[in-house]
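Student: One structure coming up, written as structure tokens, with questions to follow.
The values are calculated or read from the model by the stated rules, or taken from the named source; none is laboratory data. Values in this document were obtained by computation on a predicted structure and should not be read as measured data. Note: ideal-geometry Cβ built from the backbone for every residue, glycine included; neighbour counts use all protein chains shown. Only protein heavy atoms, including side chains, enter the accessible area calculation; ligands, DNA and RNA are left aside. Shrake-Rupley method; radii C 1.70, N 1.55, O 1.52, S 1.80 Å.
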2 protein chains.
Amino acid sequence: MGRMGWDEYFLRRGHSVHVMDQAWRGRSASHPTQINPVRAGQAPAASLPTVFAAGREDAWRIFRFGARFGESYPGMRFPLAAQGEFWKQMVPDWNFSVGTPNPSVTALNLIARRLGRVVLMSHSQSGIYPFQAAVASREGIAGIVSIEPGACPAATDDMAPYAGLPILVLWGDYVALSSRWAPRLAGCLAFARAANAAGGKVEVAVLPEMGIAGNSHMLMQDDNSHQIADWLVGWMARHIPPG
Amino acid sequence: MGRMGWDEYFLRRGHSVHVMDQAWRGRSASHPTQINPVRAGQAPAASLPTVFAAGREDAWRIFRFGARFGESYPGMRFPLAAQGEFWKQMVPDWNFSVGTPNPSVTALNLIARRLGRVVLMSHSQSGIYPFQAAVASREGIAGIVSIEPGACPAATDDMAPYAGLPILVLWGDYVALSSRWAPRLAGCLAFARAANAAGGKVEVAVLPEMGIAGNSHMLMQDDNSHQIADWLVGWMARHIPPG
């Protein structure tokens, strides 16, 4: 709706910003060798990757615009007037066929090592990647901001990799109304307790509990996106040690 | 190699710039319904799309870095020191399964209509699209710059859609050495003759004939890319009528 995106906004607030395209989503999603051997009859159909895409009816609920397609939660702040442009940005997700180690995680480590003193910020399905990067190596990682992650690390995981690292897990509104997201927020709270009992510095922030109401899963696109960005800039200033 | 890309450079030279991702290449290349029914055994393998990608060995020749992988033409100006980053940007081409009309062409018409007085600039495989857009509608199209197009319109096509429209077809160096590109340049010259005989304003410019030597097929990334951009800015100033 004409507002500046977070990439430019964080830049104007004094942070260098590097935006990463995930391996297996977006531009670099597919490989001919996954498709062509099957087409040529040289490999079985079952060897094709699993390709997922949420239609807008499902996505409406997943993104917590409302309980049913076309109805929005009271006070919900995603700019639905622009939804036509938004849906055009949806891309298929080939991520189910990603190998181990996930090349996006390896790339996060590489970027952190090159740049140094990096805050790794993730959202939704990519939410777990900064945590996985920290497990691989803490080199260059100054903090993690994970926004409505698909998963936090399990509370039963080894918590040593997170000790002393400033970590914020941020959630929007209406989470308790969502059978998809409520358990994930609960999982992040359990992770925070386990990590903090082991020397962690994990904060789980839920926007409506701080008086900021109406945010969907796509909170960086909601009509108060700059207010949330400002709050994140403040959080980083308070928690990330100066370089 | 650290130079500004053409998108930013043209902007700094006073042109609004809109960069388009082709339908079926890059971010929006694939659709789950092409893949999943075959995986589920509900459609035959032959219904899979054709997915093409040039490996770097082939691409080396196609892009006219040199005659054989690892050898470069004398004076060739692509910054091979950065080829590692360049190869990372290669994406599979699903374009063979694009429907009719090609949605990229429809999108060019839509953009031209919205913005008005647009110069449609294309490169390589996308080279023909601005011509196809002009055939569909000239509304909003002020000119065409096609850089080493995979094809120009056939000289036997109806030339009426191009009458009076400033069109530049630009070529780099070493074209005569390439069995892939030499016939395409010849095809563009034939198109220019046919169009200009029917009231067209088509110019085919070959950089080495203007004293600019060493350019590969990726001339917007060659080490003299700003020199070529400057020349294009001048060409537009001379040929596109003021708004």
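Student: Which residues does a label at B:Ile62 reach in the range B:80-115, if reach means a backbone N under 12 Å from a point 7 Å past the Cα toward the Cβ?
Tutor: Only B:90-96 fall inside the zone, counting backbone N under 12 Å.
Student: If you count only protein heavy atoms and use a 1.4 Å probe, how large is the accessible surface of B:Thr106, to the nearest 10 Å²?
Tutor: Counting only protein heavy atoms, the figure is 70 Å².
Student: Still on this structure: Taking both sides together, what accessible area is buried at the A/B interface, probe 1.4 Å, expressed in Å² and rounded to the nearest 100?
Tutor: On the way: alone 12490 and 12470 Å², together 23050 Å².
Interface area, both chains combined: 1900 Å², rounded to the nearest 100.
Student: What does the net charge come to around A:Leu11 if you take all other residues with beta carbon closer than 15 Å to its beta carbon, with K and R at +1 and D and E at -1?
Tutor: Values: positive: A:Arg3, A:Arg12, A:Arg13; negative: A:Asp7, A:Glu8, A:Asp230, B:Glu8.
With Lys, Arg at +1 and Asp, Glu at -1, the neighbours total -1.
Student: So, how do all the Cα-to-Cα distances of the range A:92-195 break down into 10 Å bins, in percent, from 0 on up?
Tutor: Here the calculated profile for the range A:92-195 is 15, 47, 32, 6, 0.
Student: Could you work out the Rg to Rh ratio of the range A:1-51, with Rh taken as the Kirkwood radius (inverse of the mean 1/r over all Cα pairs)? If you can, show how the numbers build up before the last one.
Tutor: On the way: Rg = 19.0 Å, Rh = 14.3 Å.
Radius of gyration relative to Kirkwood radius: 1.33.
Student: Also: So how much accessible area does B:His239 have, in Å² to the nearest 10, using a 1.4 Å probe?
Tutor: In the full protein context, B:His239 sits at about 60 Å².
Student: Amide H neighbours of B:Tyr73 under 5 Å, at least 5 residues apart or on other chains, H built in the peptide plane: list them.
Tutor: Answer set, sorted by chain and number: B:Gly66, B:Ala67.
Student: Find the centroid of the Cα atoms in the range A:115-170 and in the range B:73-137, then give the distance between the two in whole Å.
Tutor: 38 Å
Student: Right, something else. Please list the three semi-axes, largest first and in whole Å, of the ellipsoid equivalent to the range A:150-243, using sqrt of 5 times the eigenvalues of its alpha carbon gyration tensor. The partial results should precede the final answer.
Tutor: Values: eigenvalues 108, 72, 16 Å².
The three semi-axes for the range A:150-243 are 23, 19, 9 Å.
Student: Next question, about the same structure. Measuring from label point to label point, each 7 Å out along Cα→Cβ, what is the B:Ala154 to B:Ala197 span in nm?
Tutor: 1.6 nm
Student: Over the range A:87-243, what is the relative contact order in whole percent, taking alpha-carbon pairs under 8 Å and six or more residues apart?
Tutor: Working: 239 pairs, mean separation 28.5, N = 157.
After rounding, I find 18 percent.
Student: So, for the protein assembly as shown, what is the accessible surface per residue at a probe of 1.4 Å, expressed in square angstrom?
Tutor: Values: 23050 Å² over 486 residues.
Accessible area per residue, the protein assembly as shown: 47 Å².
Student: Name the aspartates and glutamates eligible as straight-distance cross-link partners of B:Lys201: C-alpha to C-alpha under 20 Å, and not fewer than 8 places from it in the same chain.
Tutor: Cα-Cα hits under 20 Å: B:Glu139, B:Glu148, B:Asp157, B:Asp158, B:Glu209.
Student: Between A:Gln42, A:Gln221, A:Gln83, where does the largest GNM mean-square fluctuation fall for chain A, given springs only between Cα atoms within less than 10 Å?
Tutor: Ranking A:Gln42, A:Gln221, A:Gln83 by mean-square fluctuation puts A:Gln42 first.
Student: Moving on. Hey, got the Cα dimensions of chain B along the principal axes, in Å, largest first?
Tutor: Here the spans come out as 58, 44, 36 Å, largest first.
Student: Also: I need the P(r) histogram for the range A:29-145: all alpha carbon pairs, bin width 10 Å from 0 out to the longest distance, whole percents.
Tutor: 11, 28, 26, 27, 7, 0
Student: Between the range B:1-65 and the range A:173-190, what is the C-alpha centre distance in whole Å?
Tutor: About 37 Å separates the Cα centre of the range B:1-65 from the one of the range A:173-190.
Student: Oh, and also: Of the accessible area of chain B, with the probe set at 1.4 angstrom, what percent is carbon plus sulfur? Provide the component values of the computation, followed by the final result.
Tutor: Working: 6240 of 11520 Å².
So the carbon and sulfur contribution to the accessible surface is 54 percent.
Student: Using the Karplus equation 6.51 cos²θ - 1.76 cosθ + 1.60 (θ = phi - 60°), what ³J(HN,Hα) coupling, rounded to whole Hz, does each residue of the range B:143-155 give in order, writing x for Gly and Pro?
Tutor: x, 10, 10, 10, 9, 6, x, x, 7, 8, x, 5, 5
Student: Please give the calculated 222 nm ellipticity per residue for chain B, where each DSSP H segment of at least 4 residues contributes -39500 (n - 2.57) and the sum is spread over every residue; nearest 500 deg cm²/dmol?
Tutor: Mean residue ellipticity, 222 nm, calculated: -9500 deg cm²/dmol.
Student: Amide H to amide H, which residues 5 or more places from A:Ser30 or on other chains are under 5 Å from it, using H placed in the peptide plane?
Tutor: none
Student: Here is a follow-up. Please provide three numbers in whole Å: the alpha-carbon extents of the protein assembly as shown along the principal axes, with the largest listed first.
Tutor: Ordered largest first, the protein assembly as shown gives principal extents of 79, 52, 50 Å.
Student: Can you check what the net charge comes to around B:Ala176, using other residues whose Cβ is under 14 Å from the Cβ of B:Ala176 (Lys, Arg +1; Asp, Glu -1)? Walk me through the numbers before you get to the answer.
Tutor: Details: positive: B:Arg64, B:Arg180, B:Arg184; negative: B:Glu148, B:Asp173, B:Glu209.
My count for the surroundings of B:Ala176 gives 0.
Student: Report, ordered by chain and residue number, the lysines lying within cross-link reach of A:Lys88, taken as a straight Cα distance under 30 Å and ignoring same-chain residues fewer than 8 apart.
Tutor: Answer for A:Lys88, where 30 Å is the Cα cut-off: B:Lys88, listed by chain and number.
Student: Could you tell me the calculated FRET efficiency between A:Ile240 and A:Ala205, based on Cβ-Cβ distance and R0 = 25 angstrom, to the nearest 0.05? Walk me through the numbers before you get to the answer.
Tutor: Values: r = 15 Å, r/R0 = 0.62.
The calculated FRET efficiency here is 0.95.
Student: Projected area of the range A:96-139, taken from the Cα convex hull and averaged over every viewing direction, in nm²?
Tutor: Working: hull surface 11.9 nm².
Taking a quarter of the hull surface, the average projection is 3.0 nm².
Student: Which residue fluctuates the most in chain A, going by a Gaussian network model with Cα springs under 10 Å, if the choices are A:Ala23, A:Ala151, A:Ala133?
Tutor: A:Ala23
Student: For the range A:23-77, what mean projected area does the convex hull of the alpha carbons give, in nm²? Before the final figure, lay out the partial values.
Tutor: Details: hull surface 22.6 nm².
Projected over every direction and averaged, the Cα hull of the range A:23-77 covers 5.7 nm².
Student: Using 0.36 nm per residue, how much length does the chain from A:Leu80 to A:Leu115 gain when fully extended, once their Cα-Cα distance is taken away? Don't jump to the answer; show the numbers that get you there.
Tutor: On the way: separation 35, 0.36 × 35 = 12.60 nm, distance 3.71 nm.
Stretched fully, the A:Leu80-A:Leu115 segment lengthens by 8.9 nm.
Student: Still on this structure, please answer the following. Measuring label to label, 7 Å along Cα→Cβ, what does A:Ser124 give against each other copy in nm, shortest first?
Tutor: Distances between equivalent label points, in nm: 3.0.
Student: With an 8 Å Cα cut-off and a minimum separation of 6 or more residues, compute the relative contact order for the range B:1-149 in percent.
Tutor: That works out to 19 percent.
Student: Mean-square fluctuation check for chain B, GNM, Cα pairs under 10 Å: which of B:Ser72, B:Ser104, B:Ser179 is largest?
Tutor: Highest fluctuation of the listed residues: B:Ser179.
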